[in-house]
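The values are calculated or read from the model by the stated rules, or taken from the named source; none is laboratory data. Please read these numbers as outputs of a predicted model, since none were measured by experiment. When we count neighbours, we look across all protein chains shown, and the Cβ atoms used for this are built from the backbone with ideal geometry, even at glycine. For accessibility, only protein heavy atoms count, side chains too; no ligands or nucleic acids. Shrake-Rupley method; radii C 1.70, N 1.55, O 1.52, S 1.80 Å.
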Amino acid sequence: MAFESLTERLQSAMSRLRKKGKVTEADVKEMMREIRLALLEADVNLQVVKEFTKNVRERAVGSEVLESLSPAQQIVKIVNEELTKTLGEETVGLNKSPKIPTVIMMVGLQGAGKTTFAGKLANYLKKNENARPLMIAGDVYRPAAIDQLKVLGQQLDVPVFDMGTDVSPVEIVRQGMAVAQEKKNDYVLIDTAGRLHIDEALMDELKQIKEVAQPDEILLVVDAMTGQDAVNVADSFNAQLGISGVIITKLDGDTRGGAALSIRQVTGAPIKFTGTGEKLTDLEVFHPDRMASRILGMGDMLTLIEKAQSEYDEKQAEELARKMKENSFDFNDFIEQMDQVQNMGPLEDLIKMIPGMSQIPGIENVKVDPKQLARQKAIVLSMTPAERENPDLLNPSRRRRIAAGSGNSVVEVNRFIKQFKESQKMMQQMSKGSMPAGMDQMFGTGVKGKLGKMAMNRMVKKNKKKKKKRK
Ligand SMILES: Nc1nc2c(ncn2[C@@H]2O[C@H](COP(=O)(O)OP(=O)(O)O)[C@@H](O)[C@H]2O)c(=O)[nH]1
Ligand SMILES: [Mg+2]
């Protein structure tokens, strides 16, 4: 997989921080040093690395972060946001001509994947836009190149215009454009030749083709495996032709990923697609945000942070707080809470995300057993509606019935009901602002009431702030 070692190193740089409750400027500095090394080792362009680390550092040592409840998480978020910026911030689609045909020209070094990409793009346009593209075979230097495009055309049922290898590419494109006009094709995809290195004759030829075809897009196709060199190549193609977009191919390979990470910043041209295999369907629209999370190897974690921050419905939270105070939290609420929490992801992660909890020593070792939760849920589901609303109804005969209905022993049912009543009490205490006795046992450590109170207060404050922001 692409980016594997980069991902590993970035993760380890950040995870050291995550284990700390408090983060100092020195910690940030150390992390930035490691991130910088990781990026350089992945062949990311030096300028890009400098810019990136500067931006992250500036934001990460701000008071907003260091004094926040979960500085490590904030920093992960910042790294992700800055990486997204480096990759281009927004998803950029293909340029389209107001009148047909939209003309797209592929350029790039030999072997980068231009011809393959032309086929993939034709397929993509057919599938997604019901388009009727025409492909033009503009690589006359290798007979095999024309055949390759023709085979793709046959597979896709897309016409290919070619004039063999004896006519100049410029002339082929001129005539191909005329055919597209006549046949009313909505897209023209021009496949061009590449060399092993940038050379003047090739650039001249491409400039002439550009002149004749007036393309809406000049897409530079870059092999992700080429490393640092890709940036120089991109720079020259851009200087000579003015590229409008970049395609990164072979991201399925074992690449260090530096090219993908540098090119946007160096050329200013957006990455539009990535190639992820040799098959015609191995094409992905490029989303900078998703790529950033993937590189950081924390797609899940970021989603989790976002969820913890936004998905939890505020009304429901208020309702819950009210119930906790009035001690009317019943088994129905229990089920609802459990479902909501489970939807948010692994419980261990969620616990650590509760403000203040990450400071608790040993919190990493907390394990939540999903089977246990499922058993508890089964018990509640075996209760009648009246029993769910009023736990006091649960006399021994009802408990026996519930045990049988949920496939548990009476002992287990009794234990669960006892636990539930205890947590009811606990919630009531907590809603009054003190960390209840027993909570510390729950987490196997010595948490004192004050910390709980602080955490609650901060959570409330944070929610208020967020509310304001939204307005
Ligand atoms: N694994 C992988 N191989 C690719 C990808 N794109 C192209 N290739 C392969 O790279 C080689 C060169 O591709 P080609 O389209 O002929 O490059 P061109 O010289 O730029 O036209 C071929 O063997 C393709 O099958 C990709 O995204 N992933
Ligand atoms: Mg080719």
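Suppose we filter the stretch 241-297 for residues that are within 16 Å of ligand 2 (Cβ to nearest atom) and among the hydroxyl-bearing types (Ser, Thr, Tyr); how many remain?
Final tally of qualifying residues: 1.
If I filter the stretch 178-189 for residues that are within 13 Å of ligand 1 (Cβ to nearest atom) and crowded, with 18+ Cβ neighbours inside 10 Å, do I get at least one hit?
Yes, there is a match, as at least one residue in the stretch 178-189 is within 13 Å of ligand 1 (Cβ to nearest atom) and crowded, with 18+ Cβ neighbours inside 10 Å.
When you look at ARG290, is it out of contact with any Gly (no Cβ under 6 Å at 6 or more places or on another chain), of a type outside the set (Val, Ile, Thr), without any contact (Cβ under 8 Å) to a residue 12 or more places away in the chain and closer than 26 Å to GLU81 by Cα, yes or no?
yes
For the stretch 152-161: of the residues being in contact with a helix residue (DSSP H, G or I) (Cβ under 9 Å, 6 or more places away or on another chain), open to solvent by 40 Å² or more (accessible area, probe 1.4 Å) and on the phi < 0 side of the Ramachandran plot, which is nearest to ligand 2 (Cβ to nearest atom)?
Restricting to residues being in contact with a helix residue (DSSP H, G or I) (Cβ under 9 Å, 6 or more places away or on another chain), open to solvent by 40 Å² or more (accessible area, probe 1.4 Å) and on the phi < 0 side of the Ramachandran plot, the top hit is GLN155.
Counting only residues that are more than 15 Å from MET383 (Cα to Cα) and open to solvent by less than 80 Å² (accessible area, probe 1.4 Å), which one in the stretch 393-428 is modelled with the highest pLDDT?
LYS421
Limited to the stretch 106-131, what total is found for residues that are away from ligand 2 (no atom under 12 Å from the Cβ) and either surrounded by fewer than 18 Cβ atoms within 10 Å (Cβ to Cβ) or not assigned by TED's automatic domain parsing to the domain that holds LYS207 (or both)?
5
If HIS197 satisfies every condition in (1) free of Cβ contacts under 8 Å to residues at least 40 places away in the same chain; (2) open to solvent by 60 Å² or more (accessible area, probe 1.4 Å) but one, which is the exception?
Failed condition: (1).
Across the stretch 225-237, what is the number of residues that are under 14 Å from ASN45 (Cβ atoms) and in a helix (DSSP H, G or I)?
9
Does the stretch 188-201 contain any residue that is within 15 Å of ligand 2 (Cβ to nearest atom), more than 36 Å from the chain's Cα centre (by Cα) and modelled with pLDDT of 95 or more?
Scanning the stretch 188-201 turns up no residue that is within 15 Å of ligand 2 (Cβ to nearest atom), more than 36 Å from the chain's Cα centre (by Cα) and modelled with pLDDT of 95 or more.
So that you can scan it fast, the table gives a plain yes or no per residue for (1) in the same structural domain as VAL233 (by TED's automatic domain parsing); (2) of a type in the set (Ser, Thr, Tyr); (3) within 16 Å of ligand 1 (Cβ to nearest atom):
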position	(1), (2), (3)
ALA137	yes, no, yes
LEU149	yes, no, yes
LEU152	yes, no, yes
LEU156	yes, no, yes
VAL160	yes, no, yes
THR165	yes, yes, yes
ASP191	yes, no, yes
ARG195	yes, no, yes
ALA201	yes, no, no
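Residue by residue, here is whether (1) under 24 Å from LEU83 (Cα atoms); (2) touching a Gly at 6+ places or on another chain (Cβ under 9 Å) holds:
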residue	(1), (2)
THR192	no, yes
ILE198	no, no
ALA213	no, yes
ALA224	yes, yes
GLY227	yes, yes
ALA230	yes, yes
SER236	no, no
ALA259	yes, yes
LYS279	no, no
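Could you please let me know if ILE209 is closer than 22 Å to TYR187 by Cβ, within 16 Å of ligand 2 (Cβ to nearest atom), assigned to a strand (DSSP E or B) and open to solvent by less than 20 Å² (accessible area, probe 1.4 Å)?
In short, no.
Mind counting the residues in the stretch 106-132 that are within 9 Å of ligand 1 (Cβ to nearest atom), part of a helix (DSSP H, G or I) and touching a strand residue (DSSP E or B) at 6+ places or on another chain (Cβ under 6 Å)?
5
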